[in-house]
Amino acid sequence: YDVQGRLKEIINWKKAISSPPDPEQDAVSHYSYGYDYDYQISDWKKKGYRTSMIENVYGDTPVTRNEQYYYDSLYQLTKSNYADIPVEHSWAYDSIGNRLSQTTAPDSSISYSYYKINSSNNSQLLRHDGSACYIWDKNGNLLCMKAETNPDYCPDEDKPHDVNGCPSQLLHSGDALYTWDKEDRLIHLQWYENGLTHNTYYYYDFNGNRFKKVVDGLTTTYIYHNEDIIKEIGPLTYRYVHGPGIDEPAFLCANDACSNPFYYFADGLGSIRQIVDNSNNSNIENQYRYGSWGELDDPFIRSENINNPFAFTAKEFAENENYFYRWRYYKSYLAKFISKDILLNNPSNAFSYTKNCPLIFIDPYGTQEIKNGCLYEAWRPADPKNIDKTKCKERNRKVFPKWKLVFIRREFIPKERCQCFFRQIGCFGIIKLWCDITCLRNSYPL
């Protein structure tokens, strides 16, 4: 870390290292990060955001990967340059944070359109992304995707809930149907891929943990300790051991005895980059390289020899390119969640991921972005140099489990319990939040 507490380097060592250790001989991977101007000498508009990453992966075929990041005045990510590929992606946004375009240098671009409010202003509901139409229910949950390159064949701009726009049959790659329960949890997903229609059913316990899924008839059951999966029982059985924080998988085992574990190596965002075996040489079994938003499709890398559910920010990579973020599901290629934020921490855009700043923030529950262990903007000292990270992390560990418990049955929360909850998080500087959950859900237009 530097003197301001910003992460500068991570070195993931092999099981056996020399003395003194040499990164090129004894490390599996090495990450170095650069930031914008120092707080002590720069304009206060400079927040110490991450502007570069160099990744070195060692072994029989060592590689070096170089990435640079650029932001607008609101610190929304506007460009990522993957210099070693070479590929450059850039993004533009409207005034409420909706992504309007993605450009891939030199000559590829995608335009995004949204349903309208009062026939002129963009809502937060995506209508078309260049390859599919999107239709939503009245609670802000994605109902379906219909493969279509021409936005003129999507529902009218003032009809985001027109179910007649959903495909009657799933016949094309990109077609998908989503079913939600009364608590706005995804319970059934159908999608078309590689010439086949696939079905997945999801089941949740009273804590909101997804304890079972059935994918094309194959059942996988999960056992949890608090928020962390510690055992997966399906066609094969795996055990998982985690670190002290949230979303910190440490190693996995292919049997209960755990005689030959595989170890997780992560980058500075907590995303899983390598999984290595238990040999002294720590051979790489799985390897991942993400786009800035968590993308794993070409030109990025997902190379796997063993089963692994955890990927970008150590979240579960689910079916039809959805990441499971506990309360919500996230599509990395859209940089959006596919359901509305029940807490409305970002009321101007209840679907955006980490306020369009995915390289410095994480979102453990799909409800609130966190920077350096702190709740961003909900609690932040006037002088960023004086953040007490220890206290901030302690507070977050106490608060987040209560968030989860409070919103398990959100239509039935007693008013007194809700008031107690908001008093508990008052130390974060939140002045006022709706206690009536129905009012909270509908207090801002979609």
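Got a sec? Which strands (runs of 3 or more DSSP E) wholly within the stretch 103-149 have at least 3 residues that are in contact with a Lys or Arg (Cβ under 8 Å, 6 or more places away or on another chain)? Give the steps one after another, and end with the answer.
Numbers: elements: 108-111, 113-117, 121-128, 132-136, 142-147.
Of the strands (runs of 3 or more DSSP E) lying wholly inside the stretch 103-149, those with at least 3 residues that are in contact with a Lys or Arg (Cβ under 8 Å, 6 or more places away or on another chain) span 113-117, 121-128, 132-136.
Do you know which of the residues in the stretch 291-302 that are without any contact (Cβ under 8 Å) to a residue 40 or more places away in the chain and not in a strand (DSSP E or B) is nearest to Ile362 (Cα to Cα)? Break it down into steps so the answer makes sense when it comes.
Taking the stretch 291-302 and keeping what is without any contact (Cβ under 8 Å) to a residue 40 or more places away in the chain, we get 295-298, 300-302.
Add one more test, that the residue is not in a strand (DSSP E or B), and what stays is 295-298, 300.
On the way: Glu295: 15, Leu296: 17, Asp297: 21, Asp298: 23, Phe300: 20 Å.
Here the answer is Glu295.
Considering the stretch 214-235 alone, what residues qualify as being touching a residue at least 60 places away in the same chain (Cβ under 8 Å) and within 18 Å of Glu319 (Cα to Cα)?
Pass one, the stretch 214-235, residues touching a residue at least 60 places away in the same chain (Cβ under 8 Å): 215, 226-227, 229, 232.
Hits for the stretch 214-235 are Val215, Ile229, Glu232.
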> In the stretch 93-109, what count of residues is obtained for those that are crowded, with 16+ Cβ neighbours inside 10 Å and without any contact (Cβ under 8 Å) to a residue 60 or more places away in the chain?
Replying inline: 2
> Which residues, counting only those in the stretch 348-366, are part of a loop (DSSP other than H, G, I, E, B) and farther than 12 Å from Arg328 by Cβ?
Replying inline: Ser348, Asn349, Cys357, Pro358, Leu359, Ile360
> Mind checking which pairs have a first residue in the stretch 159-182 that is on the phi < 0 side of the Ramachandran plot and among the charged types (D, E, K, R) and a second that is part of a helix (DSSP H, G or I) and surrounded by fewer than 20 Cβ atoms within 10 Å (Cβ to Cβ), Cβ under 8 Å, 6 or more apart or different chains?
Replying inline: Lys182/Glu411
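Applying the selection to the stretch 200-220, what residues are of a type outside the set (Phe, Trp, Tyr), within 23 Å of the chain's Cα centre (by Cα) and closer than 20 Å to Glu321 by Cα?
Residues of the stretch 200-220 of a type outside the set (Phe, Trp, Tyr): 200, 205, 207-210, 212-220.
Still in the list and also within 23 Å of the chain's Cα centre (by Cα): 200, 205, 207-210, 212-215, 220.
Answer for the stretch 200-220, where residues must be of a type outside the set (Phe, Trp, Tyr), within 23 Å of the chain's Cα centre (by Cα) and closer than 20 Å to Glu321 by Cα: Thr200, Asn209, Arg210, Lys212, Lys213, Val214, Val215, Thr220.
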> Since Arg65 meets every condition but one in (1) among the basic types (Lys, Arg); (2) at pLDDT 95 or above; (3) not in a strand (DSSP E or B), which condition does it not meet?
Replying inline: (3)
> Is it fair to say Tyr333 is within 25 Å of Tyr93 (Cβ to Cβ), surrounded by fewer than 22 Cβ atoms within 10 Å (Cβ to Cβ) and either in contact with a strand residue (DSSP E or B) (Cβ under 7 Å, 6 or more places away or on another chain) or not polar (S, T, N, Q) (or both)?
Replying inline: yes
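The values are calculated or read from the model by the stated rules, or taken from the named source; none is laboratory data. These numbers come from a predicted model, not from an experiment. Note that each Cβ is placed from the backbone with ideal geometry, even for glycine, and that neighbours are counted across all protein chains shown.
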